[in-house]
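Student: Before we start, here is the structure in question, set down as structure tokens.
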Amino acid sequence: MESSDQNSDLTLCEAIDEEWKSSPADNNMLDCTASLRLHEQRTGDAKGHDTIQDVVRPLQENANAQKASDGDTGSPMAQAASNARVCIGCKMSLGSGCCVNHLGGSWHPHCFCCYACHSPISGDKFLTCRNHPYHKICYKKSSMPKCDVCKKFVPTNGAGLHKYHVHPFWKQKYCPMHEMDDSPRCTGCERFQSNYVQHMSLGDGRKLCLDCLSSSIMDTAECQPLYNEILDFYERLNMKINQKVPVLLVEKQALNPANKQFGHHITYETRGLCLSEELTMIRRPKPDIGTRLTDVAKPSINFKRQRQVTAILILHGLPRFLTGSLLAHELMHAWLCLNGFPELEPVIEEGICQVMAHMWLESQAMEVSRNAMDERLREFFLQQIAKNSSPFYAEGFRDGYASVMQFGLRRTVNHIRMTGTFPL
């Protein structure tokens, strides 16, 4: 009986010894297990473990968990996890080489670059904007406003602020000094000429950008189809102009003297002018020679005044839509003159003429045979009419347009004839 127990103990010890050899690092745990197993066999208190593996396995698992919690990185798996780190910039493995830690991640030193100049950033002195790194000098340059005309950074004023102007329609940004240093503007769209952008000279001190040049009307003959089109526009409104008024396209120098001579009928700073004259016809009765002197009554004299339009002058070289709006404006002056309207206050006459120019531009919205820039020019000229800075044109257009919208064109014009004012 005693011999049988000893053989059993020997077999158990041999099995444990094999386990010990396979895991020498866990010999303390196996020694404890062997003692427990021997005790169970001798006392009959075993807990149902059929083999030594049933005892060793849970203890081995506990030991492995303990190693993981202690941060054991000596295994090949841990080393592979370390090598799996990638650079935020190039998305390649960082390996065991040098790296920099910025913006919540790791980078190769040559991958951590300025968002503006794309050169590497060395050291810790950099700025971030929208989670992008910048050299300090590069960020300053990128955040400073740049003039669209001279292509330089807008200088600071006495208060250290970057002050610049922006065109209300085109959003062209420029230094304030360009409004005083004779920087050339396009005579059509009023944008400043930018450096490195070609403009064409019209020979009278004006320049034209390439966008406006593409639809410009240069001489009187070229203007005739557009003139006939606007005459048809008036006829469709039951406002036919019976007299064939001469239209001449002229240079700036020819328009200014005429403006001084003929008064206030001008648009867009002497870009168009309607010339008219008033003829006075006197009719005297022929006396009867056979009557006695004492029988001769004081003869009656009949006066007849007739206004006549002599010409319409338009500045040459302007884009088609601007030329057309000027013609529509000046033809309204002609229509009022030829239809016997009394002399009107400038704000009334200029206002209704601006309304006609605006209506013609609006009628061109359905054209499809033009490019996007031509459409932008049409919208710009509409805005020019609506937001003109002259009190005659601005106030007159505002009241005239509101009257036409509420009462219609015909009733508004009839009210002007009778009262010399707008209905509103």
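The values are calculated or read from the model by the stated rules, or taken from the named source; none is laboratory data. All values reported here derive from a predicted model rather than from experimental measurement. With ideal geometry, Cβ positions are generated from the backbone for all residues, glycine too; neighbour counts draw on all protein chains shown.
Student: From the list LEU326, LEU382, LEU336, LEU424, exactly one residue is in a helix (DSSP H, G or I), in contact with a helix residue (DSSP H, G or I) (Cβ under 6 Å, 6 or more places away or on another chain) and touching a residue at least 12 places away in the same chain (Cβ under 8 Å). Which is it?
Tutor: LEU382
Student: On to the next question. Across the stretch 405-421, which residue is surrounded by the fewest Cβ atoms within 10 Å (Cβ to Cβ) among those that are free of Cβ contacts under 8 Å to residues at least 24 places away in the same chain and in a helix (DSSP H, G or I)?
Tutor: MET418
Student: Taking the stretch 130-175 as the region of interest, how many residues are on the phi > 0 side of the Ramachandran plot and small (Gly, Ala, Ser)?
Tutor: Qualifying residue count for the region: 1.
Student: Hey, another quick one. Only one of ALA402, ALA372 is more than 28 Å from HIS415 (Cβ to Cβ) and free of Cβ contacts under 8 Å to residues at least 24 places away in the same chain; which? Step through it out loud before you land on a result.
Tutor: Details: ALA402 fails: more than 28 Å from HIS415 (Cβ to Cβ).
Result of the check over ALA402, ALA372: ALA372.
Student: Same structure again: Of all residues in the stretch 99-151, which are modelled with pLDDT under 90, under 30 Å from ARG185 (Cβ atoms) and among the aliphatic types (A, V, I, L, M)?
Tutor: The answer is MET144, and nothing else.
Student: Further question on the same structure: For ASN101, which of the numbered conditions (1) exposed (fewer than 14 other Cβ atoms within 10 Å of the Cβ); (2) under 30 Å from CYS175 (Cα atoms); (3) polar (S, T, N, Q) fails to hold?
Tutor: Answer for ASN101: the failing condition is (2).
Student: Tell me, please, whether a residue that is assigned to a loop (DSSP other than H, G, I, E, B), within 30 Å of LYS140 (Cα to Cα), at pLDDT below 90 and out of contact with any His (no Cβ under 9 Å at 6 or more places or on another chain) can be found in the stretch 202-216. Step through it out loud before you land on a result.
Tutor: The initial filter retains those residues of the stretch 202-216 that are assigned to a loop (DSSP other than H, G, I, E, B), namely 202-206, 214-215.
Imposing the further condition that a residue be within 30 Å of LYS140 (Cα to Cα) reduces the set to none.
No - not one qualifying residue is present in the stretch 202-216.
Student: Surrounded by fewer than 16 Cβ atoms within 10 Å (Cβ to Cβ) and touching a Phe, Trp or Tyr at 6+ places or on another chain (Cβ under 6 Å): is that true of HIS118 in this structure?
Tutor: It is false that HIS118 is surrounded by fewer than 16 Cβ atoms within 10 Å (Cβ to Cβ) and touching a Phe, Trp or Tyr at 6+ places or on another chain (Cβ under 6 Å).
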